[in-house]
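Report on one structure; see the data block that follows.
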Amino acid sequence: MKPSGTGLSRGLTDYGDREFSLYLRRTFAKSMGFSDAMLERPIVGIATAGGGFNNCHRTTPELVAAVSRGVLTAGGLPLDFPTISLGEPFLSPTSLVFRNLMAMDVEEMIRAQPMDAVVLIGGCDKTLPAQLMGAISANKPAIALVVGPMMTGSFEGTRLGACTDCRSWWARFRAGELSEERIRGVESNLATTAGTCAVMGTASTMACVTEALGMSLPGAATPPAVHAERLRVAEATGARAVALARDDVTPDQIVTPAAVENALRVLFALGGSTNGIIHLTAIAGRRGIPLTLQRFNELSADTPVLVNLKPVGDHYMEHFHAAGGVGALLRELAPLLNRDTVSVAGETLDERLAHVPAYVDRTVIRPFGEPIVARDALVALFGNLAPNGAILKAAAADPRLMEHDGRAVVFRDLADLAARIDAPDLDVEPDDVLVLQHAGPVGAGMPEAGYLPIPKKLLARGVRDMLRISDARMSGTAYGAIVLHVSPESALGGPLAAVRNGDRIRVSLREKRLDVVLTDAEIAARIEQFVSPAPPRRGYAKLYAQHILGPERGCDFDFLTSEGTAE
Ligand code: FES
């Protein structure tokens, strides 16, 4: 057999003799027991991200088996390979720090190994964005398969799902309403099956966004991890990957500006995770598609929230699936969508909408004209505190705090927050604004610490929401009057670093403003005294600190965007 540039002969190891390289590769491939006929087939790589540190991905082996079944049936050769796995609760300081590392791993392994298409099996928060970012940059035919969401559990007759309920029950425990024994009982019933968090958190948001983007099969986002439909979707995904390889359908044909805007509309209509904004921006950035916060606000202004899932609403992913899933939602949003976009299924959105099943459960997916929130569920704020923008999930906040003027109570970093938030002598009142500094991408790896806890002394007085501002992120499963992603971040001398205890802070959802009541000269004088933290001296931490972009650029590395050059 002559080297032909597809299948096993794609991207040969360089020994200076291509025929020898192929002969050697076939020799070692045969050691796995493959016949000559198998080795002639198109190769579908299956990128896996499982492991003992990733509870969400524990069904990966059976998904690989089902994908492989589909690939073999369609005439391909399935070969799975591991990449970094990012199990959200098991990573320090935060999983976001490692998303770009995983994206590099995925991109380089897709490019380096001889595959004609790739199936990306992921789901836990950062894994799916990382896989899409890497696959888009590699630009070989690719299709995503999420592991699927968890099923809910129950405690003392109350339904529980990770992880919105994790937070509400923990807040009750902090307020002294729950014994140690009962919170342990809750802990044992919050996450009871394989799969990703059961609410509309980041994993679920990105699963649905990926389907709306066209990078997974219709109906692929919502079947629970332990549902038989999940395996049928996996088999169909494997079969479809062979067709993508044969037709050379690459991600640049799928991820277009029109598809990105559809995905953003869906994110809004889901009442989706704020992290999803960062990830979609980074994914689009790999194709050179700008997703500005100004355009973000334009789309948010006329996109209603229609899906009644926690943390914005009442239900869980298993209900969204049973209610009709992403297909039913797309049908509601159809007037707002670009319907000539094409998905990995090979059909336009218009063609897909023609065969979406008629059934829809209106308690979970509202009609377009009867939304949960009519507009501005997620907004970008600008002002002297956030010249490059900040994000507010207004749909999950106390409306009373959406036009607010309060006194700043400042925590200079995460350690300071942990040390003082529950101190009995903390000078804080319910109308104050909690401010956390140095929690941005460079300052602390942008942890999900933007959901600052309500001080215990206020919890005891019945306070359940306060305005909180930081350059950190928030879990997609969290809720409250929380302003996030303030940019430029304080560790880089952004205006957030200038805020001191007692300053007045103003937030206006109506005007989309975030300001501190200080003159520009006062802010500049305070920042003048600011001392940047010492940069890391080696390894990935050094690479990260030197190249990480702000949240308005998706926190990608400057050299990995489509421009691919350091600034
Ligand atoms: Fe994996 Fe929530 S811990 S999605």
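The values are calculated or read from the model by the stated rules, or taken from the named source; none is laboratory data. The structure displayed is predicted, hence computed values, not measured ones. Positions of Cβ are backbone-derived with ideal geometry, glycine not excepted, and every protein chain shown enters the neighbour counts.
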May I ask you to list the residues in segment 84-98 that are assigned to a loop (DSSP other than H, G, I, E, B), within 13 Å of the ligand (Cβ to nearest atom) and farther than 20 Å from T281 by Cα?
S85, G87, L91
Residue pairs qualifying under the 8 Å Cβ cut-off, at least six apart or on distinct chains, with the first in segment 421-432 being over 14 Å from A460 (Cβ atoms) and the second being surrounded by fewer than 14 Cβ atoms within 10 Å (Cβ to Cβ), are D427/N501
What about P61, is it touching a strand residue (DSSP E or B) at 6+ places or on another chain (Cβ under 8 Å), within 19 Å of A241 (Cα to Cα) and of a type outside the set (A, V, I, L, M)?
no
Selection status of P129, in a helix (DSSP H, G or I), within 19 Å of T210 (Cβ to Cβ) and within 16 Å of the ligand (Cβ to nearest atom)
yes
Looking only at residues in segment 163-191 that are assigned to a loop (DSSP other than H, G, I, E, B) and at pLDDT 95 or above, which one is farthest from H321 (Cα to Cα)?
S179
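Going through G564, G480 one at a time, which residue ends up being within 25 Å of the chain's Cα centre (by Cα), more than 30 Å from A397 (Cβ to Cβ) and at pLDDT below 95? Talk me through it step by step, then tell me what you get.
Working: G480 fails: more than 30 Å from A397 (Cβ to Cβ).
The unique qualifying residue is G564.
State yes or no: is E107 under 24 Å from A234 (Cα atoms), surrounded by fewer than 19 Cβ atoms within 10 Å (Cβ to Cβ), among the acidic types (D, E) and more than 16 Å from the ligand (Cβ to nearest atom)? Even if it seems obvious, please write down each step before you answer.
On the way: under 24 Å from A234 (Cα atoms): yes; surrounded by fewer than 19 Cβ atoms within 10 Å (Cβ to Cβ): no; among the acidic types (D, E): yes; more than 16 Å from the ligand (Cβ to nearest atom): yes.
So E107 does not fit the description; no.
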From M215, M200, grab the single residue that is within 15 Å of the chain's Cα centre (by Cα), under 30 Å from R366 (Cα atoms), within 16 Å of the ligand (Cβ to nearest atom) and surrounded by 24 or more Cβ atoms within 10 Å (Cβ to Cβ).
M200
Take the residues of segment 218-236 that are assigned to a loop (DSSP other than H, G, I, E, B) and within 16 Å of the ligand (Cβ to nearest atom): which is surrounded by the most Cβ atoms within 10 Å (Cβ to Cβ)?
A221
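Please verify whether segment 15-32 includes one or more residues that are closer than 23 Å to E235 by Cβ, away from the ligand (no atom under 16 Å from the Cβ), touching a residue at least 12 places away in the same chain (Cβ under 8 Å) and part of a helix (DSSP H, G or I). Break it down into steps so the answer makes sense when it comes.
Step one: of segment 15-32, the residues closer than 23 Å to E235 by Cβ are 32.
This time we only want the ones that are away from the ligand (no atom under 16 Å from the Cβ), so: 32.
Next, from what is left, pick out any that are touching a residue at least 12 places away in the same chain (Cβ under 8 Å): none.
Scanning segment 15-32 turns up no residue that is closer than 23 Å to E235 by Cβ, away from the ligand (no atom under 16 Å from the Cβ), touching a residue at least 12 places away in the same chain (Cβ under 8 Å) and part of a helix (DSSP H, G or I).
Checking the structure you have, find out if any residue of segment 195-205 is without any contact (Cβ under 8 Å) to a residue 12 or more places away in the chain, of a type outside the set (S, T, N, Q) and part of a helix (DSSP H, G or I).
Of the residues in segment 195-205, the ones without any contact (Cβ under 8 Å) to a residue 12 or more places away in the chain are none.
No - not one qualifying residue is present in segment 195-205.
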Is it the case that segment 389-398 has a residue that's surrounded by fewer than 24 Cβ atoms within 10 Å (Cβ to Cβ) and under 24 Å from L178 (Cβ atoms)?
yes
Selection count where residues are surrounded by fewer than 24 Cβ atoms within 10 Å (Cβ to Cβ), more than 17 Å from K393 (Cα to Cα) and touching a residue at least 24 places away in the same chain (Cβ under 8 Å), scope segment 455-470:
7
Residue match in segment 158-179 (condition: among the aliphatic types (A, V, I, L, M) and either within 14 Å of the ligand (Cβ to nearest atom) or in contact with a strand residue (DSSP E or B) (Cβ under 8 Å, 6 or more places away or on another chain) (or both))
yes
For E187, work out the one condition from (1) touching a helix residue (DSSP H, G or I) at 6+ places or on another chain (Cβ under 6 Å); (2) without any contact (Cβ under 8 Å) to a residue 60 or more places away in the chain; (3) within 16 Å of the ligand (Cβ to nearest atom) it doesn't fulfil.
(1)
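Matching residues to (1) crowded, with 20+ Cβ neighbours inside 10 Å; (2) at pLDDT 95 or above:
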| position | (1), (2) |
| --- | --- |
| T13 | no, no |
| D17 | no, no |
| F20 | no, yes |
| Y23 | no, yes |
| C56 | yes, yes |
| T73 | no, yes |
| F90 | no, yes |
| P93 | no, no |
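If you take the residues in segment 62-83 that are in a strand (DSSP E or B) and without any contact (Cβ under 8 Å) to a residue 60 or more places away in the chain, which one is farthest from the ligand (Cβ to nearest atom)? Outline the logic, then answer.
If we filter segment 62-83 for residues that are in a strand (DSSP E or B), which is where we start, we get 77-82.
Add one more test, that the residue is without any contact (Cβ under 8 Å) to a residue 60 or more places away in the chain, and what stays is 79-82.
On the way: L79: 26, D80: 21, F81: 21, P82: 18 Å.
Here the residue is L79.
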Name every residue in segment 320-343 that is in a loop (DSSP other than H, G, I, E, B), touching a helix residue (DSSP H, G or I) at 6+ places or on another chain (Cβ under 6 Å) and not basic (K, R), in order of residue number.
L337, N338, T341
